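All of the numbers you see were taken from the coordinates with simple rules; none came from a lab. Values in this document were obtained by computation on a predicted structure and should not be read as measured data. For neighbour counting, all protein chains shown are included, and Cβ atoms are generated from backbone atoms with ideal geometry for every residue, glycine included.
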C-alpha cells in the first residue's frame, strides 16, 4: 500500500492588513503588496509571531533620483519589520539616471 505524505506548510499573515498566505515550509519569506502600507511591497510574518511592520519615509532631498513612492506619493526609503528577537529591513535604493551625448 502506498502512503502519501503531504509536505509541511507555513502560514503567513500581515499585521497591517488582512492578507494571509500558506507556503511550503522551506520558503524563507513571503512578500505582498500591502494595503495597510499604502501599496508598498512589504514582508509578511509567520502566523502567531508578534511583529510590527512599518514604512520609513525618506528624509533627505530626492532631487532627480527615481525613488520608491507609496500610493500617497510620499518617498519611502525602507520597510522595517520588528520582532521580539530582532529586526529586518527591506531597503528601497534609489535609481540613478544618466544622459548619453
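If you average the sequence gap of Cα pairs under 8 Å that are 6 or more apart and divide by the length of the chain, what percent do you get for the contact order? Walk me through the intermediate numbers first.
Details: 172 pairs, mean separation 20.1, N = 101.
Computed over the chain, the figure is 20 percent.
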Let's test the formula: R0 of 25 Å, r as the Cβ-Cβ distance of residue 9 and residue 31. What FRET efficiency results, to the nearest 0.05?
0.90
If you restrict to DSSP beta bridges whose two residues both lie in the chain, what percentage is antiparallel, to the nearest 5?
100
Ranking of 60, 101 by count of other Cβ atoms within 10 Å, fewest first
101, 60
Given (1) 1.09; (2) 1.16; (3) 1.14, the label whose value is Rg/Rh (Cα atoms, Kirkwood Rh) derived from this model:
(3)
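Place the peptides 37-49, 82-94 in order of packing, highest mean first, counting for every residue the other Cβ atoms within 10 Å and averaging per peptide.
Details: 37-49: 16.7, 82-94: 11.9.
Going from most to least packed, we get 37-49, 82-94.
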Suppose each label sits 7 Å from its Cα in the direction of the beta carbon; what would the residue 82-residue 60 distance come out to in nanometres?
2.3
